[in-house]
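To keep things clear, I will list the structure first and then write my remarks on it.
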Amino acid sequence: MENILAPHRGRTIRRMKAQQTVLCIQDGSGLDYSSLDSCEGLGVIGSNQTGAKSMGLHLHSTLALSSDGLPLGVLNARCKAPASKSETDNRRSCDIPIEEKESFSWILGLRDCMEVAEQMPHTRLISVMDREADFFELFDEQRRNPCVELLVRAHHNRSTTGEGKLFDAVSQTEVRANLRIHVDRQSSRPKKSKQKARPGRSARIAQASVRYKQVELRPPDYHKDKPPIILWVVHVVEDSPPEGDEGIEWYLLTTMQ
């Protein structure tokens, strides 16, 4: 797969060098091949409510975009057959090395961006990730080599070195800016095996308030020997969402000032 992508990757890097800022957006996808009669080398990518397993591959990719949203190309893509945890493996999640977890894909993607950053010292790279990337080891990896900035959607309301939790720390600060955000129309969706039901919504322009604050995040107990992580947390919340709509609310963690 790496060899197939190599020519495209080279052209992508060349286009990246012409930009002042590049967004390197990571994400993972499950490739479901359960319908195939015979196929070797697959792993378990999920299971339904009955316990039936879905067989396939996990694809983790990095898409490079300009700051205006223009796609520059696929920077990286890796496929892996996830291995099922042995029934005799009684280790707690915190005792399992990060290299054995699926979340290690995010760190590999970040390391790849760091290698690319060395080729373009005049281009600022920002690695953008969703809530699956909100784990301590990723931020610890970045501070050892801060040549690539991070922008991660927060998932955990973590403890800080100050009083209170992360989300409270920023939501109680003053409003720093106001945004107008275009919200696309969304069709309703019934409940599925692992997905919640989703109500429909009409397209609208949302008025949102922005708050931000620098914080120090306490390391988890299994990394208590490491110093706190210093980050900025950004809170974006819709001021007056339509009745019956939860509205927009994002907590973002970033190394950028």
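Apply 1/(1 + (r/R0)^6) to the Cβ-Cβ distance of residue 74 and residue 248, taking R0 = 41 Å, and write down the FRET efficiency to the nearest 0.05. Numbers along the way, then the final one.
Numbers: r = 29 Å, r/R0 = 0.70.
So the FRET efficiency works out to roughly 0.90.
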Might you tell me the accessible area per residue for the chain, computed with a 1.4 Å probe and given in Å²?
62
Less than 20 Å apart at the alpha-carbon level, and either on another chain or at least 8 residues along: which lysines does that give for residue 213?
165
Which lysines, on any chain, are close to residue 101 with Cα under 16 Å apart, when same-chain ones fewer than 8 places away are left out?
80, 85
If every Lys and Arg gets +1 and every Asp and Glu gets -1 at its Cβ, then about the Cα centre the chain yields a dipole, in debye to the nearest 20, of 500
Contact order normalised by residue count of the chain, Cα under 8 Å, 6+ apart, percent
15
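Return the carbon/sulfur percentage of the accessible area of the stretch 161-226, one whole number, probe 1.4 Å, all protein chains in place. Intermediate results must be reported in sequence, preceding the final value.
Values: 2180 of 4910 Å².
Carbon and sulfur together cover 44 percent of it.
Can you pull the semi-axes for the chain, root of five times each eigenvalue of the Cα gyration tensor, sorted largest first, whole Å? Mind dumping the intermediate values first?
Working: eigenvalues 175, 129, 108 Å².
So the three semi-axes of the chain are 30, 25, 23 Å.
For the chain, what is the calculated [θ] at 222 nm in deg cm²/dmol (nearest 500), taking -39500 (n - 2.57) for each run of four or more DSSP H residues and dividing by its residue count?
Working: 4 runs with 45 residues, N = 257.
Helices in the chain give a 222 nm mean residue ellipticity of -5500 deg cm²/dmol.
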List the pair-distance distribution P(r) of the stretch 20-74, using every Cα-Cα distance, as the percent of pairs falling in each 10 Å bin from 0 up to the bin containing the longest distance, rounded to whole percents.
22, 33, 21, 19, 5, 0
If you stretched the chain out fully between residue 81 and residue 52, how much longer would it get, using 0.36 nm times the residue separation minus the C-alpha to C-alpha distance?
8.7 nm
Loop trypsin sites (Lys or Arg not before Pro), the stretch 203-257 (other Cβ atoms within 10 Å of the site Cβ: 11 or fewer; DSSP):
224
Would you mind calculating the relative contact order of the stretch 197-257 from Cα pairs under 8 angstrom and at least 6 residues apart, reporting the percent as a whole number?
32
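Looking at the stretch 83-134, which GluC sites (Glu not before Pro) are DSSP coil and have at most 16 other C-beta atoms within 10 Å of their C-beta?
Numbers: sites: 87, 99, 100, 102, 115, 118, 132; in loops: 87, 102, 118.
Of the GluC sites (Glu not before Pro), the ones in loops of the stretch 83-134 whose Cβ has at most 16 other Cβ atoms within 10 Å are 87, 102, 118.
How about the stretch 177-257: which GluC sites (Glu not before Pro) there lie in a loop by DSSP and see at most 13 other Cβ atoms within 10 Å? Provide the component values of the computation, followed by the final result.
Values: sites: 216, 238, 243, 246, 249; in loops: 243, 246.
Loop-located and lightly packed - 243, 246.
The values are calculated or read from the model by the stated rules, or taken from the named source; none is laboratory data. Predicted model, so just to flag it, every value in this text is computed and none were measured. Note that each Cβ is placed from the backbone with ideal geometry, even for glycine, and that neighbours are counted across all protein chains shown. Note: areas computed on protein heavy atoms with side chains; ligands, DNA, RNA excluded. Shrake-Rupley method; radii C 1.70, N 1.55, O 1.52, S 1.80 Å.
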